[in-house]
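Worksheet: the structure to be examined is printed underneath.
The values are calculated or read from the model by the stated rules, or taken from the named source; none is laboratory data. Every value quoted in this text rests on a predicted model; they were computed, and no experiment measured them. Here the Cβ positions follow ideal geometry from the backbone for every residue, glycine too, while neighbour counts run over all protein chains shown. Calculation scope for accessible area: heavy atoms of the full protein, side chains included, ligands and nucleic acids excluded. Shrake-Rupley method; radii C 1.70, N 1.55, O 1.52, S 1.80 Å.
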Amino acid sequence: MRITADLERCVGAGQCVLTEPAVFDQNDDDGTVIVRRATADDDETIRRVREAVHLCPSQALTLTEPGPPR
Amino acid sequence: MTASPVLPLKRSCPYAPPAEHLRLQQQEPVARVTLPDGSTAWALSRLEDIRTMLTDPRFSSDRQRDGYPLQPPGRPRAADERPVLIGLDPPEHGEARRAVVGEFTIKRMNAMRPRIQEIVDDCLDAVLAGPRPTDLVPTLALPVPSLVICELLGVPYTDHDFFQSRSANLLHRSTPAQERFAAAQEIREYMATLIAEKAKTPGDDLLSRQLGKGADHRDLAGLGFLLLLAGHETTGNMISLGTMTLLERPEALAALKRDPAVTPQIVEELLRYFTIAEYVTSRIAVEDVEIGGVLIRAGEGVITLANAANRDPAAFTDGDTFDIDRGARHHIAFGFGAHQCLGQNLARVELQIVFDTLFARIPDLRLAVPADELSFKDDSTVYGLHSLPVTW
Ligand code: SF4
């Protein structure tokens, strides 16, 4: 699964970092999210990233199926 | 048809939202309500509806718009008063928040742990050296967050009595408009002077760093005011309410003493269970929007019954039960959407350290009065305890 973040929307609440620090970090200057890994493969990581998507107050995160091969 | 309820209502049980809020949630999740000034607004009480509303840009946070609900009566405004953070909409809000949010990242909050620990230990040293029984509100619950926010902002702690009295005045619903105005004016003037001094001799603190980034002095005074106010009362009330709750629930307390790893879970459940600042997330519609099947028209106010929402059966099984194992992180005690509490992770760290340290250092702490004699802040914007007499 692909993890993406919309930095325009992110308000730096850090809910994602609290939920899955292995995937998310925050920029030291403006607190916006840094996605450390672009994909989640194992079930546990996917579960946590899903939770982070749900908790993110600004709906800045998305978890998507990789698109069809082109 | 029942007459529309007049909000705000008081809690009848200290551990539960007003019964009327829960009735609305079941029977009229988007309800027409009357406000003390005779105007009407909508009240939302389902978690999903509130999340939807708070992430919809067609609802504004601008408290200066006519019809913004639950503003203190006859609110006089200072001539140079400009909206800060909580009162801003995009795109100004995003810019203003981004300028300061780097001060509140998880990393930074964790880096503050040793200093917060020191502050908590100092307060508890004084408690242990003092008389028994003692009131934990002035000796622990208020000073810890006050010291922390003063230090973060670079406000001399010697001035904190001044802020504490003024901010209590501001938050109390029955404070006469004139007095409220005077209190706000005094804090504003204090901030302006402090910022002028920091502009000359910067320190290692948030206000100085913002000045260094070129912040406008007046805007910064407003921000300092807001952070100071937000940092004084809220966490303090959660400390006293949380301590009371743990003292009344031996199983939860035993779990906390056994394994500090469960403390964050307990803190999260306490936040959900009390939801001490529920009306702060009110909004005003700037366009016609349908929420939960009801059309809310432009110009109409919307009040969020966040305390009821944090017990919404659709989101929390058996929400009236205090359950440290539930995993309550999707509560909206810190709000939701772009305005979600800036200081939430600081609050989490403070609460975790306070509860861990308090019960480790005073393991046989107990209430010094029967629980039903405790007095609650039923008439304040932020719910809490007036005093918490304890002994050991
Ligand atoms: S939870 Fe959302 S808003 Fe907060 S830092 Fe992460 S992506 Fe940004």
Phi-derived 3J(HN,Hα) across segment B:104-109 with the Karplus relation (6.51, -1.76, 1.60, θ = phi - 60°), rounded Hz, x for Gly and Pro, is 10, 5, 4, 4, 5, 5
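Could you sort the peptides B:246-255, B:47-56 by per-residue average Cβ neighbour count (10 Å cutoff), highest mean leading?
So the peptides B:246-255, B:47-56, ranked by packing, come out B:47-56, B:246-255.
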Assuming R0 = 25 Å, can you tell me the calculated FRET efficiency for the pair B:Trp392 and B:Asp320, based on Cβ-Cβ distance, to the nearest 0.05? 0.25
Kirkwood Rh for chain B from C-alpha pairs, in Å, is 21.8 Å
Rank B:Thr40, B:Thr105, B:Thr243 by mean-square fluctuation in a GNM of chain B with C-alpha springs under 10 angstrom and give only the top-ranked residue. B:Thr105
Specify the inter-centroid distance of segment B:176-205 and segment B:271-343, based on alpha-carbon positions, in whole Å. 32 Å
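Listed highest first by mean packing, meaning other Cβ atoms within 10 Å per residue, what order do B:334-340, B:91-97 come in?
Output ranking for B:334-340, B:91-97: B:334-340, B:91-97.
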Using the Kirkwood radius over Cα pairs of segment B:1-149, the Stokes-Einstein translational diffusion coefficient at 10 °C and 1.306 mPa s, in µm²/s and rounded to a whole number, is 80 µm²/s
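Rounded if a/c is under 1.5, else prolate if a/b is larger than b/c, else oblate: which is segment B:165-297, with a ≥ b ≥ c the root eigenvalues of its Cα gyration tensor?
Verdict is oblate for segment B:165-297.
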Shielding by other protein chains, A:46-57, mean Cβ within 10 Å: 2
Amide H neighbours of A:Gly31 at under 5 Å, excluding residues fewer than 5 places away on the same chain, with H built from the backbone geometry, are B:Gly102
Under Karplus coefficients 6.51, -1.76 and 1.60, residue-wise ³J(HN,Hα) of segment B:317-326 in Hz, glycine/proline x: 5, 6, x, 7, 8, 7, 10, 6, 9, 6
Within 10 Å of the Cβ of an average residue in B:105-111, the count of other chain Cβ atoms is 5
For segment A:1-19, residues shielded by at least 30 square angstrom of accessible area compared with the chain on its own, probe 1.4 Å: A:Val11, A:Ala13, A:Gln15, A:Leu18
Please give the total accessible area that chains A and B bury against each other, computed with a 1.4 Å probe and expressed in Å² to the nearest 100. 1900 Å²
Dimensionless Rg over Rh [the protein assembly as shown; C-alpha; Kirkwood]: 0.95
Measuring from centroid to centroid over Cα atoms, what is the spacing of segment A:12-70 and segment B:344-392 in Å? 35 Å
At a 1.4 Å probe radius, carbon and sulfur cover how many percent of the accessible area of segment B:205-292? 53 percent
14 Å Cα-Cα reach of B:Lys213 towards aspartates and glutamates, excluding residues that sit fewer than 8 places from it in its own chain: A:Asp29, A:Asp30, B:Glu95, B:Glu103, B:Asp204, B:Asp205
Cα convex hull of segment B:235-363 - mean projected area over all directions, nm²: 8.5 nm²
Inter-chain Cβ neighbour average for residues B:50-59, partner chain, 10 Å: 1
Estimated 222 nm signal from helices in the protein assembly as shown, with DSSP H stretches of n ≥ 4 weighted -39500 (n - 2.57), rounded to 500: -13500 deg cm²/dmol
Compactness of segment A:1-57, expressed as Rg and Dmax over alpha-carbon positions, Å: 10.4, 32
Each residue of segment A:45-58 in turn: what ³J(HN,Hα) in whole Hz from Karplus with 6.51, -1.76, 1.60 and θ = phi - 60°, glycine and Pro shown as x? 5, 4, 4, 5, 5, 4, 4, 4, 4, 5, 7, 4, x, 10
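Please list B:106-118, A:23-35 highest first by mean number of surrounding beta-carbon atoms within 10 Å per residue.
A:23-35, B:106-118
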Probe 1.4 Å, protein heavy atoms only - accessible area per residue of the protein assembly as shown in square angstrom: 43 Å²
